[in-house]
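Read through the structure below, which is laid out as structure tokens, and then see the notes.
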Amino acid sequence: MMKENMSNSEESLIKPKTLEEVRAMIKSHKRNDFIFSSIGLLTIIFALLTLLILFVDLVMDGYPKLNYEFFTDFPSRRAAHAGILSAWVGSSLIMLVTFVTAVPMGVATGVYLEEYAPKNWFTDIIEINVTNLAGVPSIIYGLLALGLFVYTFHLGQTIVTAGLTLGLLMLPIVIVSTREAIRSIPVAIREAAYAVGATKWQVMLHHVIQYSFGGILTGIIIGMARALGETAPIITVGALTFIAFLPPAPLTSVPPFISFEWLQSGFTVLPIQMFSWLSRPEHAFHINAAAAGAVIIMLTLLMNGTAIWLRYRIRKNIKW
Amino acid sequence: MAQNKLDIKAEAKNLNFFYADGTKALKNVSLPVYENKITALIGPSGCGKSTFLRCFNRMHDLYPGNRYDGQILLHPDNTNVLAKGVDPIEVRMRISMVFQKPNPFPKSIYENVAYGLRVRGERSKSAVDDKVEEALKGASLWNEVKNRLQDLAFNLSGGQQQRLCIARALATDPEIMLFDEPTSALDPIATVNIEELMSGLKNKLSILVVTHNMQQAARISDYTAYMYLGEMIEFDATDKIFTNPSKKETEDYITGKFG
Amino acid sequence: MATTQLKDPPISKRLAKNIKRNFIERVIEIILMFSALTAVFITLGIVYILVSEAAGFFKDVSVYEFLTSRQWSPLFEDAHYGILPLVSGTLTTSFIALGIAVPIGTIAAIYLSEFASHKARETVKPILELLVGVPTVVFGYFALLFVTPILQKIIPDLPTFNMLGAGIVMGIMIIPYIASVAEDAMRAVPMQMREGSYAMGATKFQTAIRVVTPAATSGIIAAYILGISRAVGETMVVAIAAGQQPTLTFNPLEGAATITAYIVQVAMGDLPHGSLGYQSIFAAGMVLFVLTFLFNILGHMARKRFAERY
């Protein structure tokens, strides 16, 4: 009866297709499949190729400058003698400040939000803030730092200011990766630890933070790479574009052997150095910019590559 | 029934339990846990047997909003495990637990077993060494792992992992050990091993075990409690429950008419 | 009982230990909570700084002039304070960028999610993530010294600083981001939906267009919106390549300053703290913050709606 009904309705509404017609239709559908998959593949290849050409162009442009002296020379008015010594030293010192501030704060926040925070409006507010901060343009952080660190806290246009600024920028990245890593730890492991009488903090310290370490590290590296390449907020807090001295060394020959004077020093960083050379009209300086750009790209690709590889390995090795 | 020469190690009295969403998961449950005996909790899934088990070591405290009402008295000191002033951490040091799925820490075999001792602040290396060896022997795992104590626990088989979890629970000399369907994730041979182990363990401590497997309850337990929809339907010696239950519901469940 | 019984300390000592332990636990929790509160403080700090500095600006400049004047020249003798030229520059470059990134990003996402082999996807996805991390100053170099010279060969009277080149490069920059987020959304569509479609005799392309893409719409839209937010907030590419002259124009062949480029331009100079010029970058920053904030909220709402469905 069912069959009768069906054939009835088909007859009345849609003309039944012969097997040949159906085959022809499928063939045309499959052709669409092929066409789109070719377009898709070509699009991706085109996009990746474009980026590859850009990178190759940059490295080729900068190649003549990528020698030992480039890393040991201060910037100079003569393009041929200009190097990135003060820039990479500045970048390194600033990354140090960034690391020391953003990592503990970020991990602590991640642990709090995943493990401690009660489900209420207060926690919701913190969560909304973290999500929002991840999307705030970096130059806004720069304005915050200019108003707050430079002119309210009177930290000046110094390494510590720049480090803190980039720390703020990196914070959401560390928080998000910490939370993701913690979330992947099964409840059963936590319960096992509680069941033998561990306190909450012991469970965090001995288990949760340890087992999520790889994921947290991934976030830290990605965050540091971002901070390393960040330019805009560093401009607003007052990076110098021409700096022919190094900050005081953190290690000294007289007791107590450690000095924090460098925190108060003026600075420049790699991307600023590149930007400043790029802003000059002379072609010779553009070559320097390309060389600096090549250094920045290699560093960030290396860091991000390590992070992605690390994440891949962690995913592969998870046994729970 | 309860012979008078038996000591009661712990007893639940009129226990009600509410989950955070307001569900009443346990209704007026009472049950004695006899010293050096195995007490099995059986019943269809969702009947509250695991919920009940997890009251004994206050696991429900880990999730906010859960609420107990009633008592679980721990003898000989007559401590009400559920009382506000009693620290759940202290309770867990006295009453340990083995879970449904083996859940070793991603640490070495040695560190897994030693963890309870570390948490208790045990510092002496030799004392910890002794205790780890004793616990692994107690869990019949020592011979298999004594030469690779520093291996990662994940490299053990499922059955070995579960015995490791028993060793971990054993290392702190608990008075009661809770088992939450300890063999449901294991193959038949590993299941037999764990069952034999449990039968041997009762000389040292008291055992409360949740099982979904009636044959298992019949094989290993001395006492059996049948629960249904959050209520304690019947509690008696295992022989009696399985041969001559006094309640119709119990009989229906045992004979497979339902559940 | 066990052979080597652990010693249990007397009750009083145990209680004291419990109290001390619980106290430490509490202190740790409070420390962690204050860490988490930093996120709130940062947002409050941003709002406070922007509003308080901009308030100084609006003492001298009326909100009406700010929103309607067609000129922005705070540093000139004949100063005008109309934000519109900066907004037009921002919007023009952003639209060019999206015109490039949305179609390419979407096609790439559909291909990766529905057509590519497992191996191809596992190769391309990490590359996309890698590209998301390339510093923007480098893209500024490409815009100024690679793309614009090529464009000048096609359009001979194109100025060195123009919005077209900057927008195109910004688009290329955002492709990996949009492709990655949109692909995540499509992968999250449950397999049963695809199987349901295949079981009716649909092809891959039909399944992708008629089933997967509609099911992932809110997730894909979230990718677009977050892409817009990035384009609007992008600084270095436009500061380097789009020009520094605030001009009320939507013509991509001209050069014009964006909000972000203006902030950079002022910050590079040496304006005294508290001057009107100094305050003007906070007023401009406030507009930028509000714009990106709105886009971010919209994007996250779309994303959340999508996440709740699957």
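Since every read-out is calculated from the coordinates, none of them should be taken as a lab result. Not measured: the values here are computed from a predicted model. Note: ideal-geometry Cβ built from the backbone for every residue, glycine included; neighbour counts use all protein chains shown.
Using DSSP H assignments, which helices in chain A have an axial alpha-carbon span of 15 Å or above and a mean Kyte-Doolittle hydropathy of 1.6 or higher?
Working: long enough: A:2-13 (17 Å, -1.35); A:19-62 (64 Å, 1.06); A:85-111 (39 Å, 1.66); A:121-135 (21 Å, 0.63); A:159-183 (35 Å, 1.49); A:213-229 (24 Å, 1.57); A:283-317 (50 Å, 0.64).
Counting only whole DSSP H runs, the qualifying helices are A:85-111.
Please list, ordered by chain and number, the residues whose modelled amide H lies under 5 Å from the amide H of residue B:41; skip anything fewer than 5 residues away on the same chain.
Here B:209, B:210, B:211, B:225 satisfy the definition.
Over all directions, what mean area does the Cα convex hull of the stretch C:84-309 project, stated in square nanometres? If you can, show how the numbers build up before the last one.
On the way: hull surface 56.4 nm².
With the hull built on Cα positions only, its mean projection is 14.1 nm².
Once the Cα atoms of helix B:188-201 and of chain B are each reduced to a long axis, what angle between those two axes, in degrees from 0 to 90 to the nearest 10, is obtained?
Approximately 90 degrees, to the nearest ten.
Return the calculated 222 nm mean residue ellipticity for chain B, to the nearest 500 deg cm²/dmol, obtained by summing -39500 (n - 2.57) across DSSP H runs with n ≥ 4 and dividing by the residue count. Numbers along the way, then the final one.
Working: 10 runs with 91 residues, N = 259.
Taken over chain B, the calculation gives -10000 deg cm²/dmol.
Of the listed peptides A:267-279, A:21-33, C:221-233, what is their order by residue-averaged count of other C-beta atoms within 10 Å, with the highest listed first?
Working: A:267-279: 26.3, A:21-33: 12.5, C:221-233: 24.2.
Answer by packing, highest mean first, reads A:267-279, C:221-233, A:21-33.
I'd like the FRET efficiency for residue B:251 and residue C:20, computed as 1/(1 + (r/R0)^6) with the beta carbon distance as r and R0 of 51 Å, rounded to 0.05. Each step should come with its number before you reach the end.
Values: r = 54 Å, r/R0 = 1.05.
According to the calculation, E is roughly 0.45.
Enumerate the lysines that residue C:125 could reach by cross-link, defined here as Cα to Cα under 25 Å, with residues fewer than 8 away along the same chain left out.
Within the straight-line limit of under 25 Å, residue C:125 reaches these lysines: A:316, A:319, C:204, C:304.
Starting from the 7 Å offset along Cα-to-Cβ, what nm value, one decimal, do you get for the label separation of residue A:60 and residue C:305?
Taking the two extended label points, one gets 4.7 nm.
At most 15 other C-beta atoms within 10 Å and a DSSP loop state: those are the exposed chymotrypsin sites (Phe, Trp or Tyr not before Pro) I care about. Give me the longest piece of chain B that has none. Spell out each step's value before the answer.
Numbers: sites that count: B:19, B:258.
Looking at chain B, B:20-257 is the longest stretch - no exposed chymotrypsin sites (Phe, Trp or Tyr not before Pro) with at most 15 other Cβ atoms within 10 Å.
Note the angle between two axes, namely the Cα long axis of helix B:125-138 and the longest principal axis of the Cα atoms of chain B, as a number of degrees from 0 to 90, rounded to the nearest 10.
For B:125-138 against chain B, the angle is about 50 degrees.
Hand me the trypsin sites (Lys or Arg not before Pro) from the stretch B:157-259 located in a DSSP loop with no more than 11 other Cβ atoms within 10 Å, in residue order please. Numbers along the way, then the final one.
On the way: sites: B:163, B:168, B:202, B:204, B:219, B:240, B:247, B:248, B:257; in loops: B:202, B:204, B:247, B:257.
Those satisfying the criteria are B:257.
Express as a percent, rounded to the nearest 5, the fraction of DSSP beta bridges in chain B (both residues included) that run antiparallel.
Details: 23 of 40 bridges.
Among the beta bridges of chain B, antiparallel pairing accounts for roughly 60 percent.
Give me the extension gain from residue A:30 to residue A:68: residue separation times 0.36 nm, minus the current Cα-Cα distance, reported in nm with one decimal. Working shown, then result.
Working: separation 38, 0.36 × 38 = 13.68 nm, distance 5.73 nm.
Net length gain for the segment: 7.9 nm.
Mean Kyte-Doolittle of at least 0.0 plus a Cα span of 18 Å or more along the axis: flag which DSSP H helices in chain C meet both, please. Numbers along the way, then the final one.
On the way: long enough: C:11-60 (72 Å, 0.90); C:84-110 (37 Å, 1.75); C:118-132 (21 Å, 0.09); C:163-187 (35 Å, 1.32); C:217-233 (24 Å, 1.30); C:276-309 (49 Å, 0.77).
Qualifying helices: C:11-60, C:84-110, C:118-132, C:163-187, C:217-233, C:276-309.
What is the distance in Å between the Cα centres of the stretch A:118-149 and the stretch B:48-109?
The distance from the Cα centre of the stretch A:118-149 to that of the stretch B:48-109 comes to 39 Å.
Compute the acute angle (0 to 90°) between the alpha-carbon long axis of helix B:158-170 and the principal axis of greatest extent of the alpha-carbon atoms of chain B; round to the nearest 10°.
On a 0 to 90 degree scale, this one is about 90.
Which FRET efficiency value, to the nearest 0.05, is calculated for residue C:51 and residue A:261 with the Förster distance at 35 angstrom and r the Cβ-Cβ distance? Provide the component values of the computation, followed by the final result.
On the way: r = 35 Å, r/R0 = 1.01.
Calculated value: 0.50.
Please arrange A:125, A:44 by how many other C-beta atoms lie within 10 Å of their C-beta, fewest to most. Let's see the in-between values first.
Working: A:125 14, A:44 23.
Fewest-to-most Cβ neighbours within 10 Å comes out as A:125, A:44.
Going by average Cβ density within 10 Å per residue, which order do the peptides C:211-220, A:169-178 take, highest to lowest?
A:169-178, C:211-220
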